[in-house]
Amino acid sequence: METTISGNIQGFKQQGEALVIKAAEGEARVYIYSPTIIRICISKNHHDADTSFAVIQKPVPDFDFDESAEFIRINTSALKLRIHKSPLRFNFYTADGKPLSEDDERFGTTWQGSRVITYRKLYPDERFIGLGEKTGNLDRRGSSYTNWNTDAVDYTPKTDPLYKTFPFFIGLHSGLTYGLFLDNTHKSYFDFGATTDNQMSWFGADSGDQNYYFFGAQGVPQLLADYTWLTGRMEMPPLWSLGYQQCRWSYMSAAEVLDIAKTFRKKQIPADVIYCDIDYMEGFKIFTWNKKTFAKPKAMMDELKAMNFHLVTIVDPGIKIEEGYQQYDEGIANNYFATYPNGENYTGYVWPGRCHFPNFFREDVREWWGAAFTALTDIGVDGFWNDMNEPAAWGQNMPWLVQFGDKDMPEVRNAYGTQMARATYEGTCKLLGNKRPFVLTRAAYAGTQRYSAVWTGDNTGTDEHMLLGQRLVNSLGITGMAFTGVDIGGFSGNPTPELMVRWNSLGVYTPMFRNHAIQGSKMREPWKWGEANEQIIKKDIEQRYKLLPYIYSAFYQSHLTGMPLSRTLAIEHSFDDLVFDTRFQNQFMFGDALLIAPVESTRMNTDVYLPPGSWYRLSTNEKFNGDQIVNVDAPLTDLPVFVKAGSIVPMQHIVQSTAEQGDGILELHIWHNEEPCLFTYYEDDGLSYDYQTGAFYKREIGFEPINRVIHLSSVEGTFSSKYGKIQLVLHGFGKVNLKQEMFDLENGVMEIGY
Ligand code: GLC
């Protein structure tokens, strides 16, 4: 095989929005998206179609550049790009000239056949974070990864690849930050100095363009804001989807579903969501109901609704080959399925047996798929769980010959799941009118946050998997995915009662809080673990419901800025070695205020690294100085959760579901600090898209320690809060004689008399 290394340039010119640089080996196009985002697209054979499944922004129409003997020079207010002419190399610097990321001088971008790889200089202290759902350590230096969406049955803490492709990483070195997003859906590769004697990092794909976006903002939060500006941010999720979710493969009948729901209500364990896994269908045919076991789905839905439960049903892409089955007949009649190159429909085996697979890359197929959800939405289902969309078929490797219209499997496999989630989201949005659907997907590509939440597939009921799951969630958070979850308890195997309790307590602080288990495993509902454990699980679920005003405001922050809910400490403390120490790498902030330290179920105390600042243990109000490692108790009743001093956390009293009105009291918890602090409180109806046209309730809440007052800004938005009163709850204020503890929501200033 011939290896081609990009050589000297032959010329360059501005063409529309791009600066086009010609070299003997191919051509490179440079586009500017913002002062901190520059796109480089290097093609062996340039073709004009320029589509992306991820990017929703357009480049600026025009920009300045100049040249010297050695370089083409492009400057933005934040970045300097120096394009070395002979040979062609791309080097990025800060505006004041500090190197951020440079091509390896020897190799730069190379081809072997259609495979394109770029080799980059590796800085001595360089660390890497990101790539979404990838096993291994928080610091990815010394690791190598492949993106090829896979039904990763029985995955281990080392398996790669898993289900999703997020080819975005952040580099950290010399006190500087940068990001790089390779927007190429072919099988792709990232090596962070694992195999190069610490000389280089490298990335690339089996084919297609070396099409990457370079982000030069300083600070990880700014990089996340830029990445999610480019690829989109999530809409507000339905509030009910943030409540407790109970799932199982499968509740086998409507009677069982109702029985589970009733038990939650009888035992007063709060919950909002119950799931139907594949067995609700007739022979696993999508958009059908089993005529025996789910004979009257509407009646079941009505009963669930009366109990304030939402139902989420699973949908897989495989359409059973069976004449007379509507989706099969329509798909055949309209050529909606993936084919072999000779036009025959591709057939693979999944749950229903022999199946065809919709070509979700076509708009009319997406519309057809979306419209079919009436079978579910008509009776009141508003949650849709997209599974098996890597796409999966028994035997794993769908032939590379399979085509989706003019695209073939190797080209777009990694984007199939996102296109299915998109079809589901867009279709159900239409059917539900102004109501927000909840969409969950297993396979995904960059940009999926615009359509769906994700979960990390078929994990296992072990402590190791619980900790790994947290790293996956934290890592997905820095690739745009704020709404994420894991199967709590572990999908496969049977967790010990201790692990179930511990994992559930961690689930309180996971964006999506879902208990799920494989067929044949022991039942997992909160009351299956003995009376004492049931009480702990219940108390933890109640804690989730208390925190919902805080969690919902954090989702709003994500909707606005791309900041995830579950935040690796590397976001704020990017150059703090202890954050990357494998003892502490699973720790994370949940929103602005809470630091969570996951602990195995077998350990009743643990070392926790508290970053600089002061911290309070949430359960005891014990105060700790930060910038140190502390050893704390971690009984199963009390997961180590710390609050950053100077935090404001709005909470509510316990409700049994998000549909309950509650007592109208918003508790404002404030943890003392010498510095003033601010919180953006956000509320809306939790159900509709009216917030997009101003129907929200937003206020800045500030605490000023010097004047001993709490300020509430005037209300933005037209929505009326469901809380009429504010109750102050102060922590770490010493002896406080509150003149008044309860305030009307209208209050602008609350004086604390201490
Ligand atoms: C897959 C999913 C799992 C689901 C099962 C049956 O394994 O990952 O969550 O329960 O299929 O539908």
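Data table
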item: Selection count, the stretch 524-543, where residues are touching a strand residue (DSSP E or B) at 6+ places or on another chain (Cβ under 6 Å) and part of a helix (DSSP H, G or I); result: 1
item: Filtered residue count, the stretch 347-363, keeping only those that are away from the ligand (no atom under 16 Å from the Cβ), open to solvent by 10 Å² or more (accessible area, probe 1.4 Å) and in a loop (DSSP other than H, G, I, E, B); result: 3
item: Sole exception among (1) on the phi > 0 side of the Ramachandran plot; (2) open to solvent by less than 20 Å² (accessible area, probe 1.4 Å) for ASP316, by number; result: (1)
item: Residue in the stretch 256-268 that is at positive phi and open to solvent by 30 Å² or more (accessible area, probe 1.4 Å) present; result: yes
item: Qualifying residue in the stretch 323-331 (condition: part of a loop (DSSP other than H, G, I, E, B), modelled with pLDDT of 95 or more, surrounded by 14 or more Cβ atoms within 10 Å (Cβ to Cβ) and among the polar types (S, T, N, Q)); result: no
item: Among the candidates ASP272, ASP279, ASP206, residue that is in contact (Cβ under 8 Å) with a residue 24 or more places away in the chain, in contact with a His (Cβ under 7 Å, 6 or more places away or on another chain) and over 29 Å from PRO564 (Cα atoms); result: ASP206
item: Odd one out for ILE629 among (1) β-branched (Val, Ile, Thr); (2) more than 26 Å from the chain's Cα centre (by Cα); (3) within 16 Å of the ligand (Cβ to nearest atom); result: (3)
item: Every pair of residues 6+ apart whose Cβ atoms lie under 6 Å, when the first sits in the stretch 228-251 and is under 14 Å from PHE555 (Cα atoms) while the second is within 16 Å of the ligand (Cβ to nearest atom); result: PRO238/PHE438; SER241/PHE438
item: Some residue of the stretch 237-245 being within 16 Å of the ligand (Cβ to nearest atom), at negative phi and in contact with a strand residue (DSSP E or B) (Cβ under 6 Å, 6 or more places away or on another chain); result: yes
item: Residue count for the stretch 269-305, restricted to those that are surrounded by 19 or more Cβ atoms within 10 Å (Cβ to Cβ), more than 31 Å from the chain's Cα centre (by Cα) and closer than 23 Å to LEU687 by Cα; result: 2
item: Output for the stretch 187-205, where each listed residue is outside any strand (DSSP E or B) and surrounded by fewer than 24 Cβ atoms within 10 Å (Cβ to Cβ); result: LYS187, GLY193, ALA194, THR195, THR196, ASP197, ASN198, GLN199
item: Some residue of the stretch 568-577 being of a type in the set (Phe, Trp, Tyr) and buried (at least 19 other Cβ atoms within 10 Å of the Cβ); result: no
item: Scope the stretch 411-435; condition more than 14 Å from SER452 (Cα to Cα), open to solvent by 30 Å² or more (accessible area, probe 1.4 Å) and in a helix (DSSP H, G or I); matching residues; result: GLU411, LYS430, LEU431
item: The stretch 246-255 - residue that is away from the ligand (no atom under 16 Å from the Cβ) and buried (at least 17 other Cβ atoms within 10 Å of the Cβ) and, of those, nearest to MET300 (Cα to Cα); result: ALA254
item: Residue match in the stretch 496-509 (condition: of a type outside the set (Asp, Glu) and more than 24 Å from MET604 (Cα to Cα)); result: no
item: Strands (runs of 3 or more DSSP E) fully within the stretch 603-709 counting 1 or more residues that are free of Cβ contacts under 8 Å to residues at least 60 places away in the same chain, of a type in the set (S, T, N, Q) and surrounded by 17 or more Cβ atoms within 10 Å (Cβ to Cβ); result: 605-610, 614-617, 647-652
item: Residue, nearest to the chain's Cα centre (by Cα), within the stretch 385-410, restricted to residues that are closer than 26 Å to VAL153 by Cβ, small (Gly, Ala, Ser) and surrounded by fewer than 23 Cβ atoms within 10 Å (Cβ to Cβ); result: ALA393
item: Tabulated pairs, the stretch 364-386, first among the basic types (Lys, Arg), second outside any strand (DSSP E or B), C-beta under 6 angstrom, 6+ apart or interchain; result: ARG366/PHE360; ARG366/ALA423
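The values are calculated or read from the model by the stated rules, or taken from the named source; none is laboratory data. All values reported here derive from a predicted model rather than from experimental measurement. Every residue, glycine as well, gets a Cβ built from its backbone with ideal geometry; the counts of neighbours run over all protein chains shown. Just so you know, the surface numbers come from the protein's heavy atoms only, side chains and all, with ligands and any DNA or RNA stripped out. Shrake-Rupley method; radii C 1.70, N 1.55, O 1.52, S 1.80 Å.
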